[in-house]
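Taking it in order: structure first as structure tokens, then the write-up.
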């Protein structure tokens, strides 16, 4: 059984336990903080925003002695191209505000490739499907009733569960930007890795990071009111649970911390 622990940035990652039967997938800036705070060096590391690789890349280049660890870095293929290609599929990134930000990403990726396996993951996003794909493309059928199975049969990893409507996050008006990274990025990557069971920590949908007091989320910044946006994102997770017979993954929680809102839906397993 191929089992994966998905480590998110939320406080409940402090409850991390592994009986040795799970591979560990760190998401975004969880690496390298999971090394210091959790004493965990992951098996896999991936990001939904290329900027989230930068801190970890810098850490790895400054600690080349760690290259004996068998870390696989999973990069969406658009991250290995250019900014224009990236923007066709993904939202904005802090790299856009950095001088020569994209060039620095590509340069650091090449350096990291000398020490670690950097795997290009073929990804298609719901933004790309909506804006840059012909109407007769079979993948566009994933939003049709009873056609959900198509997203799990394609050679590409489909990022995003809901249709793209806008990059803007303004209350409940637009939906695309409200989806949690757990369902938009992490679970699709776990399926790509052939996981039959995913145990999650740190995808709390609220609260601070386990390595920082920052508690800002797209649905609780100064433009948001009420809880309907959180409930919308949790509803997407419920959809993934209902798709179990299609994607074949059992999704459970490794934490009992009440801060973790997915616990409303997920079964808890201590080990």
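Please determine whether any residue of region 2-14 is under 18 Å from the mean Cα position of the chain (by Cα), on the phi < 0 side of the Ramachandran plot and surrounded by fewer than 22 Cβ atoms within 10 Å (Cβ to Cβ). Quick ask: steps written out before the conclusion?
If we filter region 2-14 for residues that are under 18 Å from the mean Cα position of the chain (by Cα), which is where we start, we get 3-13.
If we keep only those that are on the phi < 0 side of the Ramachandran plot as well, we get 3-13.
Next cut, surrounded by fewer than 22 Cβ atoms within 10 Å (Cβ to Cβ) only: 3, 11.
Yes, there is a match, as at least one residue in region 2-14 is under 18 Å from the mean Cα position of the chain (by Cα), on the phi < 0 side of the Ramachandran plot and surrounded by fewer than 22 Cβ atoms within 10 Å (Cβ to Cβ).
Scanning region 156-181 for residues that are part of a loop (DSSP other than H, G, I, E, B) and within 19 Å of residue 227 (Cβ to Cβ) turns up 162, 169, 170, 171, 172, 173, 174, 175, 179, 180.
Would you confirm whether or not region 19-36 contains a residue that is surrounded by 24 or more Cβ atoms within 10 Å (Cβ to Cβ), touching a residue at least 40 places away in the same chain (Cβ under 8 Å) and more than 16 Å from the chain's Cα centre (by Cα)? No: region 19-36 contains no residue that is surrounded by 24 or more Cβ atoms within 10 Å (Cβ to Cβ), touching a residue at least 40 places away in the same chain (Cβ under 8 Å) and more than 16 Å from the chain's Cα centre (by Cα).
Here's a check for you: in region 111-142, which residue that is over 20 Å from residue 184 (Cβ atoms) and in contact with a strand residue (DSSP E or B) (Cβ under 9 Å, 6 or more places away or on another chain) is surrounded by the most Cβ atoms within 10 Å (Cβ to Cβ)? Per the criteria, the residue is 112.
Residues in region 228-261 that are farther than 16 Å from residue 191 by Cα and in contact with a strand residue (DSSP E or B) (Cβ under 6 Å, 6 or more places away or on another chain): 4 in all. Consider residue 49 carefully, then state whether it is within 26 Å of residue 83 (Cα to Cα) and over 17 Å from the mean Cα position of the chain (by Cα). It is false that residue 49 is within 26 Å of residue 83 (Cα to Cα) and over 17 Å from the mean Cα position of the chain (by Cα). The residues of region 1-21 that are in a strand (DSSP E or B), touching a strand residue (DSSP E or B) at 6+ places or on another chain (Cβ under 6 Å) and under 14 Å from residue 255 (Cβ atoms), listed by number, are 5, 6, 7.
Laboratory data are not the source of any read-out in this text; all were calculated from the coordinates shown. This structure is a prediction, so every number in the text was calculated from the model and none was measured. Note that each Cβ is placed from the backbone with ideal geometry, even for glycine, and that neighbours are counted across all protein chains shown.
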